[in-house]
Amino acid sequence: MFKLTLIILLLYPSFSFAYLGPGMGGGLIAATIGIVIAFFALIFGIIWFPLKRYFIKKKNKKENKDE
């Protein structure tokens with residue numbers, strides 16, 4: 001009986017008379033752009049800062065060697 005009731009409730013269309021205005025779409029777009037920018041910032045941080053540290057160490061070793 002439970003399965004039959006569940007199937008009927010899932011298959012029976014229910015209507016929602018609600019209005020989703022343009023603010024909802026704008027918020028969704030802003031959140032998506034924010035997630036994409038955060039992802040690229042993560043990749044940039046993972047790649048750039050260790051490379052920067054490596055090049056600074058390499059430059060300092062070269063300067064110390066020349067003295």
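The values are calculated or read from the model by the stated rules, or taken from the named source; none is laboratory data. None of the values given here were measured: they were computed from a predicted structure. Positions of Cβ are backbone-derived with ideal geometry, glycine not excepted, and every protein chain shown enters the neighbour counts. The area values use the complete protein model at the heavy-atom level, side chains included, leaving out ligands, DNA and RNA. Shrake-Rupley method; radii C 1.70, N 1.55, O 1.52, S 1.80 Å.
Remark: spin-label model distance residue 11-residue 28 equals 2.9 nm, labels positioned 7 Å along the Cα→Cβ axis. Among 15, 44, 55, the largest mean-square fluctuation in a Gaussian network model of the chain (Cα springs under 10 Å) belongs to 15.
For the chain, the longest principal axis of the alpha carbon atoms and the long axis of helix 22-66 meet at an angle near 20°. Only lysines eight or more places from residue 52 in sequence, or on another chain, were considered; those with a Cα closer than 24 Å are 61, 62, 65. Which FRET efficiency, nearest 0.05, do residue 58 and residue 37 yield, Cβ-Cβ r, R0 30 Å? That gives a FRET efficiency of 0.45.
Rolling a 1.4 Å probe over the protein heavy atoms of the chain, with every protein chain left in place, gives an accessible area that is 75 percent carbon and sulfur. Within the listed set 50, 13, 22, the Gaussian network model of the chain (springs between alpha-carbon atoms below 10 Å) gives the highest mean-square fluctuation for 13. Working from the Cα coordinates of the chain, the gyration tensor eigenvalues give, after taking √(5λ), semi-axes of 59, 19, 4 Å in decreasing order.
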